[in-house]
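Scroll down for the structure; my scribbles are underneath it.
The values are calculated or read from the model by the stated rules, or taken from the named source; none is laboratory data. Model, not experiment: these values are computed from the prediction. Heads up, the Cβs are rebuilt from the backbone with ideal geometry, glycines too, and the neighbour counts pull from every protein chain shown. For the accessible areas, the whole protein counts, side chains as well, though only heavy atoms, and no ligand, DNA or RNA atoms are used. Shrake-Rupley method; radii C 1.70, N 1.55, O 1.52, S 1.80 Å.
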Amino acid sequence: MSARNTIPNPCKHLVDYKLKNGLKGYDLIQDLLKCSPHGRTMIINKSKSEMPRCSFCTGYHGRLFMCLICSSVTCSLDSESNHTLLHSESFIGHEICVDMERAELYCCVCCDQVYDPEFDKAVVCKHLMGFSKNRNGVLGNGDLRLSKRKRLDFGCDLDLKSVKRLRKQRSKSCFPLGLRGLNNLGSTCFMNSVLQALFHAPPFRNYFLSDRHNHESCRKGSSDRLCLPCDVDVVFSAVFSGDRTPYSPAKFLYSWWQHSENLANYEQQDAHEFLISMLDGIHEKLGKPSLSIKDNGDCQCIAHRVFSGLLRSDVTCTSCGFTSSTYDPCLDISLDLNTPASFANNSTTKQNKQNETLAASTLAGCLDLFTRPEKLGSDQKLFCENCQEKQDALKQMSLKKLPLVLCLHIKRFEHSPTRKMSRKIDRHLKFPFSLDMRPYLSSSLVKKRFGNRIFSFEGEETDGSTEYEVFAVVTHSGMLESGHYVTYLRLRNQWYKCDDAWITEVDEEVVRASQCYLMFYVQKVLYLKGCEDLSCQPLSTMADPFVPIAGCC
C-alpha cells in the first residue's frame, strides 16, 4: 500500500461482489433505507406491515442481515446459530449483506463490517431526502448548495417560539462536543472502541486539543512523513470539529499499521493489544530516545505522563523475612477475574461452564487477588542475601505510584496449554463508578503487613489523588473468534454507547450489565474539571433545522 492511499482496501469478498454486480445492490438497498429524525439509518422490510424475520428459522432475534443479491433476510445469534453464514455457504456469491439495524455493509465470511465509500454515499444521499441526485445517485454540488440555501432561508423565517420548539425536539441530539461515530473500516471495532475512550481521557484530550502537538508544524519541521502523534492529532481535530457525521479514521489506521506491521491486516485484533501498541508508538516519537521500554518511568511524553504508573514487586524469604523489591513502570494493570467460592467448588466442567455466566466477580476482588501474596513454585525459589541460599518465597504486587488515568485490563481470554485451546470467560464483573486505590498502594500494604510499627514508608505516595472516577468502559461481546467491541462513555454523569458509527444515550444499568474488558478511571479532580470543560453545541437560529445529525440517535 502506498503512502498516498489512505483508504484501506476492502475485503476480497466485497471486491469480487463489486466486480460482478457493480453498484446495483446499493441502489436497491437505498430504496429500503429509513432515517430517524436524529439521523440513524436502518433497513426496513419490503412489506412495511410485517416484522422482518429470518428466512431459515422465521425468528427475529439477534442481528438481522439482508443479502445484497437476493434480498433474503437471515439472522446471526452466535457462532452456533449463524444463518447469515449458512446462507452465504448455500449460495455462491452471496457473501455481502447489510446489517438491517445499522445500515452497514457486512461480510458473512469475514463475520464483520466492511467499509466502502460508495456505500456511504448511498446512505448519505438518503439522509438528504430533499436533495436532487444524478443518475449515479450522487449529489451535484450546485444542487447541494441550492438546497442548503433554500432550507437556510426557511430557517431564518422561524419565529422565537418555533426555535424554542426545535431546541426541545433536538435536546436529545445535543450531545457533548467530541461525541462522533467512527466508521468500521473492516474488522476495526477494536480500534474504534479504544479511540473513543482516548478521545475523552481528560489529560490526553487536553494535550491534543491545546495544540501541544500540531501536525502541520510537525510535518514542516521533520522529514519523516509517518508520525503517529500527527495522525492522532488529525483524528482529534476531526472528532472535536462539531461535525456529527461518522468519521472514517482510515489515515490513522494506515499510520498505525506502519508502526505495527505484525498487526497490519483485516483480521479482528485485540483492543488491549492495540491500546498498548498505540501508546508505545506515541512514546517512540515523543519520548526521550535514550529511554528503553522498561526505563520510562520518568518519561515526559504524553502517553506516559497520562497512563504510566509504577508497580512494586516484593519477594520475601519465608525463612528469615528478607525482602527484595523491584519496580517496573506500567501503562495498565491486567487483572484476573476473581473466582467466587460457589463457582470454585463445582467439580464438573459442564457445571463450571453453566455457572460461569451466572457467577459474578467484583473489581475489588480482582484488585485484592492482584495484590495478594502468592507462594512461588519450587522452581522459582529466591536466593536470599541474608540466608545465602535459595529459599521458599512469597511474592506480592502493589502500586508504588498511581497514574493520572488508570487503565484496568480484565483477562477474559485464557489459553489452556494441556488442552491446546483458548476460550473466553463470560463471567460478569461488578465495578464501582467511584474507586479508591489507597488500599492497593505499596505503603498501605506494607503497613498492613507490619502494623503500626511502620510510620513512614519511602516518602509515602500521597502526592497524587487516590480517588478515581470511571469515564470509559470497553466491552467485548460474542465469541473468542468473532466478537464485537463497544465503548460506553460517561460524560457529565450521562452514559453514551459508542458502537462504531452510532452514538446513543444509555442508562447506567446497561453499562453495569455489560462484559467489561478495558476500564478507564481518571483521578476524581480531573474528572470533575473535565465535566466543566465539556460543552454542548447550541442550536443557532441560523442553523439548518432539517439536516439530521448522522450517527446520533
> Inside the stretch 500-534, can you point out the residues that are farther than 19 Å from S361 by Cα and among the small types (G, A, S)?
Replying inline: A501, G530
> Looking at the stretch 128-148, is at least one residue aliphatic (A, V, I, L, M), modelled with pLDDT of 70 or more, part of a loop (DSSP other than H, G, I, E, B) and open to solvent by 20 Å² or more (accessible area, probe 1.4 Å)?
Replying inline: no
> Do we find that P246 is open to solvent by 10 Å² or more (accessible area, probe 1.4 Å), modelled with pLDDT of 75 or more and out of contact with any helix residue (DSSP H, G or I) (no Cβ under 6 Å at 6 or more places or on another chain) in this structure?
Replying inline: yes
> Which members of the stretch 74-87 meet the condition of being of a type outside the set (D, E, K, R) and under 29 Å from the mean Cα position of the chain (by Cα)?
Replying inline: T74, C75, S76, L77, S79, S81, N82, H83, T84, L85
>> If the requirement is being at pLDDT 75 or above, β-branched (V, I, T) and open to solvent by 70 Å² or more (accessible area, probe 1.4 Å), which of these qualifies: I96, I43, I92?
In response: I92
>> Here's a check for you: in the stretch 499-517, which residue that is among the hydroxyl-bearing types (S, T, Y) and in a strand (DSSP E or B) is least open to solvent (accessible area, probe 1.4 Å)?
In response: Y517
>> Exactly one condition in (1) more than 30 Å from C230 (Cβ to Cβ); (2) among the charged types (D, E, K, R); (3) open to solvent by 40 Å² or more (accessible area, probe 1.4 Å); (4) at pLDDT below 90 is false for D336; which is it?
In response: (4)
>> For the stretch 53-95, give me each residue that is in contact with a His (Cβ under 6 Å, 6 or more places away or on another chain), hydrophobic (A, V, I, L, M, F, W, C) and under 22 Å from G22 (Cα atoms).
In response: C67, I69
> In the stretch 188-211, how many residues are open to solvent by 10 Å² or more (accessible area, probe 1.4 Å) and part of a loop (DSSP other than H, G, I, E, B)?
Replying inline: 2
> Limited to the stretch 369-390, what total is found for residues that are within 26 Å of the chain's Cα centre (by Cα) and among the acidic types (D, E)?
Replying inline: 0
> Pick from the stretch 58-89 the residues that are under 14 Å from I43 (Cβ atoms), in a loop (DSSP other than H, G, I, E, B) and touching a strand residue (DSSP E or B) at 6+ places or on another chain (Cβ under 9 Å): which of them is least open to solvent (accessible area, probe 1.4 Å)?
Replying inline: L68
> Which of the residues that make up the stretch 450-498 are at pLDDT 90 or above and in a loop (DSSP other than H, G, I, E, B)?
Replying inline: T466
>> Any residue that is of a type in the set (V, I, T), open to solvent by 30 Å² or more (accessible area, probe 1.4 Å) and at pLDDT 90 or above - is there at least one of those in the stretch 233-243?
In response: yes
> Among the residues of the stretch 423-450, which ones are surrounded by fewer than 15 Cβ atoms within 10 Å (Cβ to Cβ) and among the small types (G, A, S)?
Replying inline: S434
>> Being open to solvent by 20 Å² or more (accessible area, probe 1.4 Å) and either modelled with pLDDT of 85 or more or in a helix (DSSP H, G or I) (or both): is that true of D298 here?
In response: no
> Mind checking which residues of the stretch 99-127 are among the aromatic types (F, W, Y) and at pLDDT below 80?
Replying inline: Y115
>> Residue pairs, Cβ under 6 Å, 6 or more apart or interchain, first in the stretch 418-435 and within 12 Å of L337 (Cβ to Cβ) and at pLDDT 70 or above, second surrounded by 18 or more Cβ atoms within 10 Å (Cβ to Cβ) and of a type in the set (G, A, S). List them.
In response: R427/A359; R427/S361; L429/S361
